[in-house]
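J.: Quick one: the structure is below, and I'll ask about it shortly.
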Amino acid sequence: MNTNAKSSRISGFHKDDIATRLARVAQFANLDDETTRHLSNMGNLDPHLADHLIENVIATLNVPIGVATNMKVDGTDVLVPMATEESSVVAAVCNAARQCYDQGGFTTSMSGSLMIAQIQLVGVPDAMHSRMRILEHKAGIKALCDECDPLLVKLGGGLQDVEVRIVNSAGGPMVVTHLIVDTRDAMGANAVNSMAEKLAPHIETWTGGRVYLRILSNLADRRLARARATWTCEAIGGPAVRDGIISAYQFAAADPYRAATHNKGIMNGVSAVVLATGNDTRAVEAGAHAYAARKGWYSSLTDWEVTAEGHLAGTLEMPMAVGLVGGATKLHPTARACLGILGVATADRLARLIAAVGLAQNFSALKALATTGIQKGHMSLHAQNIAMMAGAVGEEIDRVAQELVRLGTVRVDVAEQELAKLRGG
Ligand code: MEV
């Protein structure tokens, strides 16, 4: 046994204060003083709040928030804060929105604000009978579920429907109850999970089976956000550009390898707003990709067509489980500020704005890919990042970056040479 090996079994770590935890991590990882000092700067997030949002906090990570301009959504102009570490993402939305602004911008809608909770029942030989037994209790199920969250019911939400599916699994048939719950302005995970947990013992009693999982589904296909917009041929640079975008879309619609990247581009926009507003990026991402595979193969989340007038028409439809109440949305002051910039009063409006951003993002990516390629737009910000990685500071960053772009070689070794030259080396 190696007695010198470091141990990750740090007793009482969760009870330590932030400074003590950081010191213990610094010792474990041999962090130098400068790195430890850097981590101890928690920026504009109150350490006390950070310590209550998650467990074992030692630091925070600052991600830039950029604002997308030119967005008009359902007739109203809006500035959209986007939290992302990736260059070109914010610019892509600004450009796409500018090019459809005169056509009225984006038109959006929502299928509803229904979330689904699943209750997994096993060990029933008569799955079909069990399904019926559960469905016969619909009124009782509604009463039990609505008792969990009287405020939600007062706000017009609560249990809307009960569906029971038979899922044929490797372990035999499972009887899966879906609670369909209107969660209004909440993302709804807590509400629907509480309902599922409360109902589970009753399902066992009614059927004689055994319940295991009681949890929401992230495939929020009763909470679809929809956005559409039209770009004229003139605004985007002519019919060849339009046809290139259509062909790029057709590629994504037909090929999962391309669809993954195509949808990743959409999520560049979507996740940036979801994160800026303190919502759950993983929930929205899981829902998006599951929805993209709903036909049995993984495909594009957007559709692109040519209108009768020869214009380019884009649409996006995807699950959008975001809320305005609860969790970081309510507690994180930066998230609250971002919601203030957006001026949204409902989760419905937030979800629709996010869909518009996703569509804008996809337009810009496809346009760049079908014309000049993606690197040209990326180059100048990317070159600045590379210049900083080479050690450039202050004004040196722009000067080295410009030189890298002029040379057409955006590499750290070249940036180091250019920096040395600039410093008179
Ligand atoms: C890069 O983050 C996103 C793109 O790859 C999206 C796409 O290919 O459609 C440019």
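J.: Got a number for carbon plus sulfur as a percent of the stretch 1-45's accessible area, 1.4 Å probe? Write out the running numbers ahead of the final one.
T.: Numbers: 1760 of 3660 Å².
That fraction is 48 percent.
J.: Taking the dipole about the Cα centre of the chain, with the C-beta of Lys and Arg at +1 and of Asp and Glu at -1, give me whichever of Ala328, Ser364, His38 is farthest to the positive side.
T.: The Cα lying farthest towards the positive end belongs to Ala328.
J.: Considering Cα pairs under 8 angstrom that are at least six residues apart, work out the relative contact order of the chain and quote it in whole percent. Display every interim value, and only then the final one.
T.: On the way: 756 pairs, mean separation 70.4, N = 425.
Normalised by residue count, the contact order of the chain is 17 percent.
J.: Also: Can you tell me the Rg and Dmax of the chain, counting just the alpha carbons, in angstroms?
T.: Every Cα atom of the chain included, Rg and Dmax give 25.5, 84 Å.
J.: Lysines near Lys138 by alpha-carbon distance under 27 Å, same-chain residues fewer than 8 away left out - which ones?
T.: Within the straight-line limit of under 27 Å, Lys138 reaches these lysines: Lys154, Lys198.
J.: Can you give me the distance in nm between label points at Met388 and Tyr257, each placed 7 Å from the Cα along the Cα-to-Cβ direction?
T.: Distance between label points: 3.4 nm.
J.: What's the carbon and sulfur percent of the stretch 335-425's accessible surface, probe 1.4 angstrom, rounded to a whole number? Spell out each step's value before the answer.
T.: Values: 2390 of 4480 Å².
It is 53 percent, rounded to a whole number.
J.: Mind telling me which of Ser11, Ser40, Ser364 comes out most flexible in a GNM of the chain, alpha-carbon contacts under 10 Å?
T.: Looking only at Ser11, Ser40, Ser364, the biggest GNM fluctuation is shown by Ser11.
J.: Taking the chain as a Gaussian network, Cα atoms linked when under 10 Å apart, which of Arg411, Arg222, Arg336 shows the biggest mean-square fluctuation?
T.: Per the Cα network of the chain with a 10 Å cutoff, Arg411 tops the list.
J.: Taking a spot 7 Å from the Cα of Leu155 along the direction of its beta carbon, which residues of the stretch 94-119 have an amide N less than 17 Å from it?
T.: Within reach of a label on Leu155: 112-116.
J.: Ranking request for peptides 355-363, 302-310, 152-160, 93-101: highest mean number of other beta-carbon atoms within 10 Å first, then the rest in descending order. List each step's numbers first, then the result.
T.: On the way: 355-363: 30.3, 302-310: 14.1, 152-160: 17.6, 93-101: 22.7.
Per-residue Cβ counts within 10 Å, averaged per peptide and sorted highest first, yield 355-363, 93-101, 152-160, 302-310.
J.: May I ask you to list the aspartates and glutamates whose Cα is less than 12 Å away from that of Lys330, ignoring any residue fewer than eight positions away on the same chain?
T.: Hits, sequence-local ones excluded: Asp185.
J.: Can you give the three extents of the C-alpha atoms in the stretch 51-179 along their principal axes, from longest to shortest, in whole Å?
T.: Over the stretch 51-179, Cα extents along the principal axes are 59, 45, 37 Å.
J.: Which part of the stretch 161-202 falls in the paramagnetic zone of Glu147, meaning amide N under 17 Å from the point 7 Å along Cα-to-beta-carbon?
T.: 192-202
J.: Which number comes out as Rg/Rh for the stretch 236-368 once both Rg and the Kirkwood Rh are worked out on C-alpha atoms?
T.: Details: Rg = 15.9 Å, Rh = 15.5 Å.
Over the Cα atoms of the stretch 236-368, Rg/Rh equals 1.02.
J.: In the chain, if the dipole is taken from +1 on Lys/Arg beta carbons and -1 on Asp/Glu beta carbons about the Cα centre, which of Thr281, Pro150, Ala351 is farthest to the positive end?
T.: Farthest towards the positive pole: Pro150.
J.: Given a 1.4 Å probe, how much area per residue of the chain is accessible, in Å²? Write down the numbers at each step before the final one.
T.: Values: 21130 Å² over 425 residues.
Accessible area per residue, the chain: 50 Å².
J.: Leaving ligands, DNA and RNA out of it, report the carbon-plus-sulfur percent of the accessible area of the stretch 207-273 at a 1.4 Å probe. If you can, show how the numbers build up before the last one.
T.: Values: 1610 of 2900 Å².
Answer for the stretch 207-273: carbon and sulfur cover 56 percent of the accessible area.
J.: Then there's this: I need the calculated FRET efficiency for the pair Arg406 and His52, taking r as the beta carbon distance and R₀ as 45 Å, to the nearest 0.05. Provide the component values of the computation, followed by the final result.
T.: Working: r = 50 Å, r/R0 = 1.11.
According to the calculation, E is roughly 0.35.
J.: While we're on this one: Given an 8 Å cut-off on Cα distances and at least 6 residues of separation, report the relative contact order of the stretch 113-226 as a percent. Let's see the in-between values first.
T.: Values: 215 pairs, mean separation 51.0, N = 114.
Once divided by the residue count of the stretch 113-226, the mean separation gives 45 percent.
J.: Taking the full set of protein chains and a 1.4 angstrom probe, give the accessible area of Asp221 in square angstrom, rounded to the nearest 10.
T.: Per-residue accessible area (Asp221): approximately 60 Å².
J.: So how do Lys376, Lys367, Lys295 rank on accessible area, 1.4 Å probe, biggest first, that is with the largest at the start?
T.: Sorted by accessible area, descending: Lys376, Lys295, Lys367.
J.: Same structure again: Using the Cα atoms as the points, what is the convex hull volume per residue of the stretch 329-425 in Å³?
T.: Values: hull volume 12.4 nm³, N = 97.
Roughly 128 Å³ of hull volume per residue.
J.: Mind giving me the FRET efficiency for Ile341 and Ala5? R0 is 60 Å, r the Cβ-Cβ distance, nearest 0.05 is fine.
T.: E(calc), rounded to 0.05, equals 0.75.
J.: With a ≥ b ≥ c taken as the square roots of the eigenvalues of the C-alpha gyration tensor of the stretch 140-191, please select rounded if a/c is under 1.5 and otherwise prolate if a/b is larger than b/c or oblate if it is not?
T.: Details: a/c = 3.31, a/b = 2.35, b/c = 1.41.
Prolate, because a/c is 1.5 or more and a/b exceeds b/c.
J.: To one decimal place, what orientation-averaged projected area in nm² is obtained for the convex hull of the Cα set of the stretch 3-115? Display every interim value, and only then the final one.
T.: Details: hull surface 48.1 nm².
Its average projected convex-hull area is 12.0 nm².
J.: Which whole-number percentage describes the relative contact order of the stretch 358-425, with Cα contacts under 8 Å and a sequence gap of 6 or more? If you can, show how the numbers build up before the last one.
T.: Values: 56 pairs, mean separation 19.7, N = 68.
RCO, the stretch 358-425: 29 percent.
J.: Could I ask something else about it? Could you rank the peptides 204-211, 389-396 by their average count of other C-beta atoms within 10 Å per residue, with the highest value first? Working shown, then result.
T.: Working: 204-211: 16.8, 389-396: 13.9.
Per-residue mean Cβ counts within 10 Å order the peptides as 204-211, 389-396.
The values are calculated or read from the model by the stated rules, or taken from the named source; none is laboratory data. The shown structure was predicted, so the numbers you read here are calculated from the model rather than taken from an experiment. We place every Cβ from the backbone using ideal geometry, glycine too, and count neighbours over all the protein chains shown. The accessibility values were calculated without ligands, DNA or RNA, using every heavy atom of the protein model including side chains. Shrake-Rupley method; radii C 1.70, N 1.55, O 1.52, S 1.80 Å.
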